[in-house]
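Encoded as structure tokens, the structure appears first; notes follow it.
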Amino acid sequence: MKDVRTGSEGQCQRKRVFIRTYGCQMNVYDSDRMADVLRPLGYALADTPEQADLVVLNTCHIREHASEKVYSELGRLRDAKAERRAEGGDLTIAVAGCVAQAEGEEIVKRQPAVDIVVGPQAYHRLPELLAEAARKSALLRAGKRLPGAGVLDTEFPAESKFDHLPSPQGVRAGSAFLSIQEGCDKFCTFCVVPYTRGAEYSRPVSAVLAEARQLVEAGAIELTLLGQNVNAYHGEAPDGSTWSLARLIRELAEIEGVARLRYTTSHPRDMDDDLIRAHGDVPQLMPYLHLPVQSGSDRILEAMNRRHGRDLFLGIVDRLRGVRPDLALSSDFIVGFPGESDADFDDTMRLIDQVGFASAFSFKYSRRPGTPGAALQDQVPESVKSARLAALQALLGRQAREFNTSKVGATVPVLFAEAGRKPGQIIGKTPWLQSVYAEGNPRLIGRIVDVRLIEGHPNSLAGEIVTGPYEVAA
Ligand code: 5AD
Ligand code: SF4
């Protein structure tokens, strides 16, 4: 059977796009939005690059390893494209995301098979970019000489891409991301985000509320508010006033059907009093917070330009636990920032001991070209970084396991999100963002169900469903 939706002139052929997402949740959100932009052009989602006419790599530039993975994938796609062309077909390759923004034309130079390079602020222009790429490709095939291959858009346009993107379609199993803020003005000395995502921008309140309502109508019961600096949110309200994240959360909690609210990623400097209070008095706000601290050493925090010391972070943790004693904390850590001594690293280990984290992400410092950190003397040797990372991860791993086992025996609401690997098993999340697997009917996916937790592991828990109309697997 031919997979064709014919228009009268046969232009409406069904095409397929495969989007590979690297990096953070912001990119996951952006990938969904790119799929939304491409759908009206006739693109359905493909499950593999082999099935696709267009492959989009939505890239991450945060650490060197992340960027390098993109280039090896592009090498594979170049070969696939050559094979297609030999068979009379074609494959369009687009690079999106932060590598696209940071490296722009360099990408096409390094990998000429790339047709489109599009930065995170220009996704609404994908249809035009695709048309231009098709035109260029046709000219090249006709033997025309062109000044350069590839079509590029890495501008930070004055208009917001949010005003030009179609409504989101992506509600997965009751849970949806909602991007409310982008970019960052903090300029931590290790970080590329202020350069790849640009200046901080908050979406207007009315746009956020409208999108939230749409998502709820489409079946979302959990909303995760996204931004590189989400708690720096300062959106313009219809009456001209400026709303903070706390104010926005209180309003979102009023929307009927919103059972769970989360936000990520935050900066300690922006944890204002009202936001801390909201953790105590907004029941839908889940008792889990990802609050990156990076280091426990005042000296290193200063060198990182984090603009806060260890005590500010510890003070916030105390205040949060004062209003929400069961709050689970997660954080990001970097080991081996230039100049980090054994004593600095010990300060980080002590901070971890003092706080007790439910989960965490930890990284060896990765030197990113163009950031102030890359130019610093006193880079830490790789072997020292590795040893510190291992010690830090061992401690954080113990804490995660302890946190998970501390919940064994409790009955907690779990939002089921997907089928497990074993038949009859489904997987969901507790309020503290722990993964739980249990025997259960797939019809429970997208719903919140009480589960008794029976076993704790480092990264998950086993549970038994105790209520709900579909307890028994059909
Ligand atoms: N090296 C190592 N880790 C980094 N991160 C950001 N930039 C770097 C870098 N150059 C980490 C930080 C940040 C997380 C998203 O990635 O911990 O919070
Ligand atoms: Fe990067 Fe710092 Fe901005 Fe976070 S706050 S995105 S680490 S510059």
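So that you can scan it fast, the table gives a plain yes or no per residue for (1) out of contact with any His (no Cβ under 9 Å at 6 or more places or on another chain); (2) away from ligand 2 (no atom under 16 Å from the Cβ); (3) closer than 26 Å to Ser366 by Cβ:
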site: Ala232; (1), (2), (3): no, no, yes
site: Pro238; (1), (2), (3): yes, yes, no
site: Trp243; (1), (2), (3): no, yes, no
site: Leu248; (1), (2), (3): yes, yes, no
site: Pro268; (1), (2), (3): no, no, yes
site: Met271; (1), (2), (3): yes, no, no
site: Gly280; (1), (2), (3): yes, yes, no
site: Ser297; (1), (2), (3): yes, yes, yes
site: Asp311; (1), (2), (3): yes, yes, no
Q.
Looking only at residues that are at pLDDT below 95 and not charged (D, E, K, R) in region 413-429, which one is nearest to Leu351 (Cα to Cα)?
A. Ala417
Q: Could you tell me which of the residues Asp47, Asp79 is in a helix (DSSP H, G or I) and either free of Cβ contacts under 8 Å to residues at least 60 places away in the same chain or over 28 Å from Thr196 (Cα atoms) (or both)?
A: Asp79
Q: Could you tell me whether any residue of region 355-371 is more than 13 Å from ligand 1 (Cβ to nearest atom) and charged (D, E, K, R)?
A: no
Q) If you check Gly315, Gly336, Gly322, Gly370, which single one turns out to be buried (at least 18 other Cβ atoms within 10 Å of the Cβ) and more than 26 Å from Ser460 (Cα to Cα)? A) Gly336
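Please tell me if Ala232 is among the hydrophobic types (A, V, I, L, M, F, W, C) and more than 16 Å from ligand 1 (Cβ to nearest atom).
Details: among the hydrophobic types (A, V, I, L, M, F, W, C): yes; more than 16 Å from ligand 1 (Cβ to nearest atom): no.
Taking the combined requirement at face value, the residue does not satisfy it.
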Q: Answer yes or no as to whether Arg443 is at pLDDT below 95, over 27 Å from Phe333 (Cβ atoms) and part of a loop (DSSP other than H, G, I, E, B).
A: no
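Take the residues in region 188-215 that are more than 20 Å from the chain's Cα centre (by Cα) and either at pLDDT 95 or above or within 16 Å of ligand 1 (Cβ to nearest atom) (or both); name whichever of them is farthest from Leu433 (Cα to Cα).
Filtering region 188-215 down to residues more than 20 Å from the chain's Cα centre (by Cα) leaves 189, 204-207, 209-210, 213-214.
Those still in the list that are either at pLDDT 95 or above or within 16 Å of ligand 1 (Cβ to nearest atom) (or both) too: 189, 204-207, 209-210, 213.
Numbers: Thr189: 30, Pro204: 28, Val205: 27, Ser206: 28, Ala207: 27, Leu209: 24, Ala210: 26, Arg213: 23 Å.
Among residues in region 188-215 that are more than 20 Å from the chain's Cα centre (by Cα) and either at pLDDT 95 or above or within 16 Å of ligand 1 (Cβ to nearest atom) (or both), the one farthest from Leu433 (Cα to Cα) is Thr189.
When you scan region 288-301, do you find a residue that is more than 15 Å from ligand 1 (Cβ to nearest atom), touching a residue at least 40 places away in the same chain (Cβ under 8 Å) and buried (at least 22 other Cβ atoms within 10 Å of the Cβ), even just one?
Narrowing region 288-301 to residues more than 15 Å from ligand 1 (Cβ to nearest atom): 288, 298-299.
When the remaining residues are screened for being touching a residue at least 40 places away in the same chain (Cβ under 8 Å), the result is 288, 298-299.
Filter once more, keeping what is buried (at least 22 other Cβ atoms within 10 Å of the Cβ): 288.
Within region 288-301, one or more residues are more than 15 Å from ligand 1 (Cβ to nearest atom), touching a residue at least 40 places away in the same chain (Cβ under 8 Å) and buried (at least 22 other Cβ atoms within 10 Å of the Cβ).
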Q: Could you please tell me which pairs satisfy a Cβ distance under 6 Å, a separation of 6+ or placement on different chains, a first residue in region 175-203 that is of a type in the set (Ser, Thr, Tyr), and a second residue that is at pLDDT 95 or above and in a loop (DSSP other than H, G, I, E, B)?
A: Thr189/Met304; Thr189/Asn305; Ser202/Tyr233
(Q) Given (1) on the phi < 0 side of the Ramachandran plot; (2) aliphatic (A, V, I, L, M); (3) surrounded by 14 or more Cβ atoms within 10 Å (Cβ to Cβ); (4) modelled with pLDDT of 95 or more, identify the lone condition not met by Ala410. (A) (3)
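So in region 448-470, with the set limited to residues that are out of contact with any strand residue (DSSP E or B) (no Cβ under 6 Å at 6 or more places or on another chain) and at pLDDT below 70, which one is nearest to Gly420 (Cα to Cα)?
Within region 448-470, the first condition is being out of contact with any strand residue (DSSP E or B) (no Cβ under 6 Å at 6 or more places or on another chain), and the residues that meet it are 456-459, 469-470.
Going one step further and asking which of them are at pLDDT below 70, we end up with 469-470.
Numbers: Pro469: 20, Tyr470: 17 Å.
That would be Tyr470.
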Q | Number of the exception - Gln228 against (1) farther than 30 Å from Gln377 by Cα; (2) in a loop (DSSP other than H, G, I, E, B) | A | (1)
Q: Kindly establish whether Lys69 is more than 16 Å from ligand 1 (Cβ to nearest atom), of a type in the set (D, E, K, R) and either under 27 Å from Gly227 (Cβ atoms) or at pLDDT below 95 (or both).
A: no
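Does Arg367 satisfy being within 16 Å of ligand 2 (Cβ to nearest atom), farther than 16 Å from Pro292 by Cβ and basic (Lys, Arg)?
Numbers: within 16 Å of ligand 2 (Cβ to nearest atom): yes; farther than 16 Å from Pro292 by Cβ: yes; basic (Lys, Arg): yes.
Taking the combined requirement at face value, the residue satisfies it.
Check Ile276, Ile316, Ile334 and return the single one that is under 22 Å from Glu200 (Cβ atoms), in contact (Cβ under 8 Å) with a residue 40 or more places away in the chain and more than 16 Å from ligand 2 (Cβ to nearest atom).
On the way: Ile316 fails: more than 16 Å from ligand 2 (Cβ to nearest atom); Ile334 fails: more than 16 Å from ligand 2 (Cβ to nearest atom).
Only one candidate passes the filter, namely Ile276.
Let me confirm something: among Ala390, Ala473, which residue is at pLDDT 95 or above and either over 25 Å from Pro325 (Cα atoms) or surrounded by 18 or more Cβ atoms within 10 Å (Cβ to Cβ) (or both)?
Numbers: Ala473 fails: at pLDDT 95 or above.
The conditions single out Ala390.
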Q: Being surrounded by fewer than 18 Cβ atoms within 10 Å (Cβ to Cβ), within 16 Å of ligand 2 (Cβ to nearest atom) and in a helix (DSSP H, G or I) is the filter here, so list the residues in region 165-211 that pass it.
A: Tyr195
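The values are calculated or read from the model by the stated rules, or taken from the named source; none is laboratory data. Being a predicted model, the structure only gives us computed values, none of them experimental. Don't worry about glycine lacking a Cβ; one is built from the backbone with ideal geometry, like all the others, and counts go over all protein chains shown.
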